[in-house]
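Okay, structure first, notes after.
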Amino acid sequence: MTTPHEELLPATRRALLHRIAVAQAQGRAPSMVAAVVRDGRTAWHGARTSVEGHAPDENVQYRIGSITKTFTAVLVLRLRDEGVLDLGDPLEKHLPGTGVGEATIAELLAHTGGLAAETPGPWWERSPGSLRPELADVLGEQPRLFPPGRRFHYSNPGYALLGALIEKVRGASWEEVLRREVLEPLGLRRTSVRPQTPYAGGWAVHPWADAMLPEPAEDLGRMAPAGQLWSTTEDLARFAAFLVKGDDRVLSAESLREMRTPAASHEAADVASGYAYCLGMEIRRRNGRSLVGHTGSLPGFLACLMISVEDDVAAVVLANCTSGPLLFAVASDLVRIVADAEPRIPAPWKPMTDVDASLLELTGQWYWGTYGFALRLTADGLASLEPLSGNGRRSRFRPNGDGTWTGLEGYYAGEVLTAVRRPDGSVSHLDLGSFVFTRQPYDEAAPVPGGVDSEGWRGIG
């Protein structure tokens, strides 16, 4: 009998090694390390290198670039969950004087704040942060390209602002807050702002010759919250597991689900390619799978962390070259190899521990007009409403403790479901955001908006 924590099969492990071997060779990467996470645990680690007799292991640090943004977003969501701020607050409310304070915190997280993609002046990734000591140096004289909230435009300075926001609210440096509130609780001991031995050197590989050039590793200063971190495949594997299951010491599973939900309006080309941005995370589609995570790059390094929540499989891939291997393709293939060869075995079905008769009578068939729906209660304490046929609106609902339910996803996310009862206690209908669901199509005994024709249903005569 297969258990969730069994090691991967030999054929699966060989397929994973083959995939990164091809990527390292064809992409001409000095080295590449990868890890696969299944059921919240590291299931495989592999490495390829151009140095004979030595291969980096899961504890060698690489620079992870913009995966740093996901860490910064976790800190911002923590502040929201504590009630210190609201994602709809304008930045000015908490960090005055930036000149772009009308953008909301959510817009900065989702890259819809209208800010420029890069800083003014020298290429910030290849120059010391001391050249940009203040936020004004990061933003420049024309920091805004578009009105806030109008369009997705990836902005590195936007995450520098979020880092400054964290510092202002917490009264400590972004680095200190990150270490205290995320890295230490999650046990990410090999994730740091500056490299710690052993770590890989960053290289540029000549596009037309098999020759290399070392890249500088600058301290990014104010831009650190956008891309400073160094980490390992082992730490990022642990972080990937957290991004799915949560950890109440850091951030709840519900808030992480919110982080994984698209939050930005994208152009047609992005939608067509299956790309969307969330709150500090990306969603991409490949080979029929939806993958959430983040990519990263800085001169000398490429990084990718991708998760298939449905398969409960994640992949981390790191390389020490400026360009070459397409790490998103590699990571998504690692997920596909495991998920297809060894599909997730669902947990055994278990019945509810307690059955509430007043809730049980709500289950079964309901109609919104002439559309048929089924309401079900599940052992996890949630309710689900889904169409009897087709791909109509569906959602799960969590109980609010007062007889109402709140939608968790899709069209009904955030909407309140209420069972409306008659004076004698019997259920008249369900109210869901003003939609009336009845036991029969256009039930004349329920308050159907617009009323029901008194002559009832009829044929053509």
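The values are calculated or read from the model by the stated rules, or taken from the named source; none is laboratory data. Predicted model only: the values in this text are computed from it and were never measured. Here the Cβ positions follow ideal geometry from the backbone for every residue, glycine too, while neighbour counts run over all protein chains shown.
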Out of 293, 274, report the one residue that is modelled with pLDDT under 90 and in contact with a strand residue (DSSP E or B) (Cβ under 6 Å, 6 or more places away or on another chain). 274
Show the residue pairs that are 6+ apart or on different chains and have beta-carbon atoms under 6 Å apart, the first residue being within region 187-206 and assigned by TED's automatic domain parsing to the domain that holds residue 58 and at pLDDT below 95, the second being outside any loop (DSSP other than H, G, I, E, B) and not small (Gly, Ala, Ser). none
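Looking at 224, 264, 217, 209, can you tell me which residue is under 30 Å from residue 149 (Cα atoms), hydrophobic (A, V, I, L, M, F, W, C) and in a loop (DSSP other than H, G, I, E, B)?
The unique qualifying residue is 264.
Given 397, 373, 437, which one is aromatic (Phe, Trp, Tyr) and either without any contact (Cβ under 8 Å) to a residue 24 or more places away in the chain or in contact with a helix residue (DSSP H, G or I) (Cβ under 9 Å, 6 or more places away or on another chain) (or both)?
Answer to the selection: 397.
Within region 405-438, can you find the residues that are in a strand (DSSP E or B) and exposed (fewer than 14 other Cβ atoms within 10 Å of the Cβ)?
As a first pass, look at region 405-438 and keep what is in a strand (DSSP E or B): 405-407, 416-421, 427-432, 435-438.
Passing the criteria: 420, 421.
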Looking at region 148-176, which of its residues are touching an Asp or Glu at 6+ places or on another chain (Cβ under 7 Å) and under 17 Å from residue 223 (Cα atoms)? 156, 173, 174
Among the residues of region 336-345, is there at least one that is of a type in the set (Gly, Ala, Ser), more than 30 Å from residue 211 (Cβ to Cβ), modelled with pLDDT of 95 or more and in contact with a helix residue (DSSP H, G or I) (Cβ under 8 Å, 6 or more places away or on another chain)? yes
Specify which of the listed residues (22, 74) is surrounded by 16 or more Cβ atoms within 10 Å (Cβ to Cβ), among the hydrophobic types (A, V, I, L, M, F, W, C) and either at pLDDT 95 or above or assigned to a helix (DSSP H, G or I) (or both). 74
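How many residues does region 299-319 hold that are assigned to a strand (DSSP E or B), surrounded by 24 or more Cβ atoms within 10 Å (Cβ to Cβ) and not aromatic (Phe, Trp, Tyr)? Steps first, answer last, please.
Filtering region 299-319 down to residues assigned to a strand (DSSP E or B) leaves 301-308, 313-319.
If we keep only those that are surrounded by 24 or more Cβ atoms within 10 Å (Cβ to Cβ) as well, we get 301-307, 313-319.
With not aromatic (Phe, Trp, Tyr) added as a condition, the list becomes 302-307, 313-319.
Total satisfying the criteria: 13.
State all residues of region 147-169 that are touching a residue at least 12 places away in the same chain (Cβ under 8 Å), in a helix (DSSP H, G or I) and of a type outside the set (A, V, I, L, M); if no residue qualifies, say none.
Filtering region 147-169 down to residues touching a residue at least 12 places away in the same chain (Cβ under 8 Å) leaves 147-166, 168-169.
Of the ones still in play, those that are also in a helix (DSSP H, G or I) are 156-166, 168-169.
Matches in region 147-169: 156, 157, 158, 159, 163, 168.
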